[in-house]
1. Looking at 128, 99, 82, which one has the Cα that reaches farthest to the positive end of the dipole of segment 43-148 (charges on Cβ: Lys, Arg +1; Asp, Glu -1)?
2. Please compute the net charge surrounding residue 164, taking Lys and Arg as +1 and Asp and Glu as -1 over other residues with Cβ under 14 Å from its Cβ.
3. If I compute solvent accessible area with a 1.4 Å probe over the protein chains, what percent of it on segment 121-177 is carbon and sulfur?
4. Hey, with R₀ at 30 Å, roughly what FRET efficiency would residue 98 and residue 35 work out to, going by the Cβ-Cβ distance, to 0.05?
5. If packing is taken as the average number of other Cβ atoms within 10 Å across a peptide's residues, how do 44-53, 83-92 rank, most packed first?
6. Once you have the Cα-Cα distance between residue 146 and residue 133, take 0.36 nm times their residue separation minus that, and quote the gain in nm to one decimal.
7. What dipole magnitude, in Debye to the nearest 20, does segment 83-149 give about its Cα centre under +1 on Lys/Arg Cβ and -1 on Asp/Glu Cβ?
Amino acid sequence: MSRSASALLFLFTLVIAQSCQSNRHANNYNKALVDDSGLLFIKSGEESTLASVKVSGLAIANSKNQRVIQFAKLMIDDHTMLADDFKKLRTDNFVADSVVISPMHQQIINDLDLKKAGAFDRAYIQLVINDHAEQIALYKTTAKDRKNVSLADFATKMLPGLQGRLDTAKFISTTLK
């Protein structure tokens with residue numbers, strides 16, 4: 001009888017110890033979550049990045065303008081790296097939701113795919129200008145947010161690259177007929 005009581009006491013103690021360890025893990029997990037504005041930044045930024053890669057792939061396939069094609073290749077390279085950075089941010093901040101291209105962005109991509117030649121080039125470059133202007137505004141807001149320091153640092157680090165691509169797109173826009 002004494003052995004079975006000791007075994008039950010041991011099992012009970014083991015269960016209690018295991019549950020305490022799980023609670024500590026859960027508390028540490030919850031401390032790393034971002035707030036709503038941080039979540040919006042991660043999801044919006046990653047979704048825009050994925051859409052940029054997809055639309056730039058269309059530019060490579062549909063454009064005849066070498067400047068537009070070179071710019072699209074640069075966009076794919078830069079935004080693929082940016083997408084990887086967003087995946088790391090999502091993992092580091094315990095954001096479990098995966099990001100897909102929104103129906104709105106998908107419709108824009110579908111509409112762009114129907115355009116040809118100069119009309120395609122102008123629409124693609126204008127899309128890049130509009131998207132980068134929106135993203136720069138979001139990044140600037142996030143860069144000022146000291147509640148999400150890791151996101152603010154990331155946004156601050158990425159702003160010059162976004163601004164550079166916006167400036168390049170604006171220049172290309174002036175050269176298109």
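The values are calculated or read from the model by the stated rules, or taken from the named source; none is laboratory data. Since this is a predicted model, take the numbers as computed values, not measurements. Please note: Cβ atoms are built from the backbone with ideal geometry, for glycine as well, and neighbour counts cover all protein chains shown. Areas reflect the complete protein model, heavy atoms only, side chains present, ligands, DNA and RNA absent. Shrake-Rupley method; radii C 1.70, N 1.55, O 1.52, S 1.80 Å.
1. Value: 128.
2. Values: positive: 157, 165, 170; negative: 77, 78, 167.
Cβ neighbours under 14 Å give a net charge of 0.
3. Numbers: 1750 of 2990 Å².
Reported share for carbon and sulfur atoms: 59 percent.
4. 0.90
5. Ranked from most to least packed, the peptides come out as 44-53, 83-92.
6. Numbers: separation 13, 0.36 × 13 = 4.68 nm, distance 2.23 nm.
Result for the pair: 2.4 nm of gain on full extension.
7. Values: 10 positive and 10 negative charges, 47 e Å.
For segment 83-149, the charge dipole is close to 220 debye.
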